[in-house]
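These notes are about the structure you will find just below.
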2 protein chains.
Amino acid sequence: MECKRTEHIKSFIVMDVLERAQELEKQGADIVHLEVGEPDFDTPWPIKGAAIKALIDGETHYTHSLGIRELREAICEYYEQNYGIKNLNPDRVVVTSGSSPAFLIAFGALMNAGDEIILSNPCYACYPNFAHFLQARPVYVNVEEDDGFQFQPERIKEAITNKTKAIMINSPANPTGHLIDADRLQAIAEMDLWIFSDEIYHGLVYDGQKAHSILEFTDKCFVFNGFSKLFAMTGWRLGYVIVPENFVRPVQCMAQNFFISANAPAQRAALAALTHPMVAQEVNKMVDMYDKRRKFMIKRLKEIGFKIVREPKGAFYVFANAKEFSQNSFELAFEILENAHVGVTPGIDFGSNGEGFLRFCYANSLDLIERGLQRIEEYLHSRTK
Amino acid sequence: MECKRTEHIKSFIVMDVLERAQELEKQGADIVHLEVGEPDFDTPWPIKGAAIKALIDGETHYTHSLGIRELREAICEYYEQNYGIKNLNPDRVVVTSGSSPAFLIAFGALMNAGDEIILSNPCYACYPNFAHFLQARPVYVNVEEDDGFQFQPERIKEAITNKTKAIMINSPANPTGHLIDADRLQAIAEMDLWIFSDEIYHGLVYDGQKAHSILEFTDKCFVFNGFSKLFAMTGWRLGYVIVPENFVRPVQCMAQNFFISANAPAQRAALAALTHPMVAQEVNKMVDMYDKRRKFMIKRLKEIGFKIVREPKGAFYVFANAKEFSQNSFELAFEILENAHVGVTPGIDFGSNGEGFLRFCYANSLDLIERGLQRIEEYLHSRTK
């Protein structure tokens, strides 16, 4: 290959699972998809309506490179209402085409080649790739099943070197569905490193839980969020990053150069997501349904023989211990796909410490979850005989 | 600043002009905008209709990371019809949120830190910044006014070192509005370096001209294009890059990681742009209007005293020699803004060899162009008295 930079950037295994599933579907197989982390819900109507109005009104031109002002103000308002963050300056909000490109420019603004960023193991598979692209180095800190896959601040401290620039946190987390407790967030904030806080699953919390924003604990942070998960807007590609005051200019320069602006009608849609009174009701309905699915999935997975030491209370994932069935999550995932026709994601996709686990996504209908788990049960039990 | 990478990434002067213009507007001034390179036209209705249909149909989910298949096929078809490029594999097309992020991942796939890319001076202000972000090095080759600001292949050869990885071409060009002749494209293709060809202004050509795709001359290239300019779709953020077969996987990996996919309804809109029978008529009307404005603007600029040695026949820019009025294009642009209330872009924004020039954009109504140039004439003539 031509470029060293991309050598370490791997495709996700979940994509390989999905591609193989689609091949089987073309051959006529009926596949249940529990692998992809995407809401099955359609985007609520008031949001779609706002985009349609924008199109009719001719909002088809570039916007301000940071995003339309009303949207950035609404985001600040949202962080005030939900987390009590006061006087957040809308000029610190950079609206991007999904939260993914926001990681790229925030990492780019902070990390030099050779710098280190601390990631949990397991973690979202993209994080290390942003670092690799910039020739920075991901440093992994194991998080443990019996600890709800939370960062242990002492372990972070052990991993810090003079190259460490930042710590990435993600609560609720992909792939584990777990939250980080407030006291641990506090301890992490006190380390005086930069914190990248991926808050994309905020709002998707159950059982009376509440996710805290890192902004409640420190200003030395970049906060990533977006509309994909909570508002079922994955295909709109709209996210944002809240950056520290003195990073606004370099991040904005990169946004101007690399993206110019985000999609204009999608920004109007996002504004409706945060401000239209009917949207909150729709979101509550979705959250209730996710919670029902979550409970059902946890119960059934345990019945089948998967181990779930602590119940996940956020996002839409269950990260289940499958060591009873196999030590090799990659092989097990493909075995289940080929034999039970259910797509699941191998834990190894999220790091070496995810080996032996499978990620099950409950952003799918209760019927399909029931059918998928039934098939998995039948297959695994026939196999162990 | 925290990061060396961003030190060289500057904001565009055109943005400073625009921001100052907006300040003046807030104070009640009536500003004529000839600075920003964006079609004044609204996106044609059949294109908007396709997006609205997609929204109603619930196409609000992630698409394939390369883009929806129909769109990639239509892009291949478009390159066959317009340039005779046969059997282009749709899997070589990567659809992105505007062509800007396409540059980022294509540069990222090819360029290691320290590698060199040859750029024309002047050139589009973003090109060097993609290189800077990757800690690669832009190497400038002057292009000359009396040569229609075309690359001279001999000069490129002189600039080649053992670090040279690629040559960036852009025909029709921003900021000059000029095309590169076929024989020069041929000569550049024969240099056996990678060619990045920015074809975003293709279709916007006048006076019987035709822009050639670099794919007519070589396969050792990355071709960038998008819907912003020709279809008046800037705010949709939809572009693409056609990559060599063996770069599909690394570029796709980056696209997956950094963007996931492009906006789903915008992809349907783009498909309509290429395939809906009414769109071609709308585009022809826009091109006719640009051409009228172009002729008018060239005539008036010459009358005012700007020098235009060779007539630009593409894009929507006139890059006029303003040395008669000032050697300092930055000062002159702000002087014109403050005194004549017309926004223009200083040539220095596009490189040292653009000094002494001003870029005038004719993507604005004939009325406003007339008014703006009238004001500039009155101001400059009063000034020289």
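Between amide H atoms placed 1.01 Å from N, distances below 5 Å from residue B:222 occur with B:195, B:196, B:197, all of them 5 or more places distant or on a separate chain. Cut-off under 12 Å on the C-alpha distance; same-chain residues fewer than 8 positions from residue B:157 excluded. Which aspartates and glutamates are left, in chain and number order? Within the straight-line cut-off, residue B:157 pairs with B:190, B:192. Placing dummy labels 7 Å off each Cα toward the beta-carbon, the span from residue A:323 to residue B:113 is 3.9 nm. Each label was represented as a point 7 Å from its Cα along the Cα-to-Cβ direction; for residue B:246 and residue A:338 these points are 3.1 nm apart. Amide H to amide H, with H built 1.01 Å from N, residue A:164 comes under 5 Å of A:116, counting only residues 5 or more places away or on other chains. The residue B:186 and residue B:352 beta-carbon pair, evaluated with R₀ = 22 Å, returns a calculated FRET efficiency of approximately 0.15.
A label point on residue A:152, set 7 Å along the Cα-to-Cβ line, lies at 6.9 nm from each of its counterparts in the other copies, closest listed first.
Inter-copy label distances for residue B:25: 4.5 nm (label point placed 7 Å from Cα along Cα→Cβ; shortest first).
For residue A:139, nonlocal amide neighbours, meaning residues 5 or more places apart or on other chains whose placed amide H falls under 5 Å from its own, are A:117, A:118, A:119. Per-residue mean of foreign Cβ neighbours for B:15-24 is 1 (Cβ atoms of other chains, 10 Å radius). Averaging the Cα positions of each part gives two centres, and for segment B:230-281 and segment A:240-280 these lie 21 Å apart. Residue ranges B:20-27, A:86-93 sort as A:86-93, B:20-27 when ordered by packing (mean number of other C-beta atoms within 10 Å per residue, highest first). Hydrophobic, long helices, defined as DSSP H runs whose alpha-carbon span along the helix axis is 18 Å or greater and whose mean Kyte-Doolittle value is at least -0.5, occur in chain A at A:13-26. Peptide B:4-13 has a mean shielding of 5, counted as Cβ atoms of other protein chains within 10 Å of each residue's Cβ.
For the protein assembly as shown, adding -39500 (n - 2.57) for each run of n ≥ 4 DSSP H residues and dividing by the number of residues yields -13000 deg cm²/dmol at 222 nm. Roughly how many whole Å is it from the C-alpha centroid of segment B:332-364 to that of segment A:120-145? Each part reduced to its Cα centre gives a spacing of 45 Å. Of all aspartates and glutamates in the structure, those lying under 19 Å Cα to Cα from residue A:86, and not within fewer than 8 positions of it along the same chain, are A:70, A:73, A:77, A:199, A:216, A:219, A:245. Can you list the lysines whose alpha carbon sits under 27 Å from that of residue A:285, skipping same-chain ones fewer than 8 residues off? Within the straight-line cut-off, residue A:285 pairs with A:48, A:53, A:210, A:229, A:295, A:299, A:302, A:313, B:53.
On the rotation that sends chain B to chain A, the chain B Cβ lying closest to the axis gives residue and distance in whole Å as B:97, 2. Relative to the other identical copies, residue A:208 shows label-point distances of 8.2 nm, where the label point lies 7 Å from Cα along the Cβ direction and values run shortest first. The relative contact order of segment B:45-276, computed from alpha carbon pairs under 8 Å that lie at least 6 residues apart in sequence, is 31 percent. If R0 is taken as 45 Å, the Cβ-Cβ distance between residue A:382 and residue B:161 corresponds to a FRET efficiency of 0.10. Mean per-residue shielding of peptide A:51-62 is 6, counting Cβ atoms of other chains within 10 Å of each Cβ.
Note on chain B: Cα-only Rg and Dmax are 20.7, 64 Å.
Every number here is computed from the coordinates shown, using simple stated rules; none is lab data. Computed from a predicted structure; not experimentally measured. Positions of Cβ are backbone-derived with ideal geometry, glycine not excepted, and every protein chain shown enters the neighbour counts.
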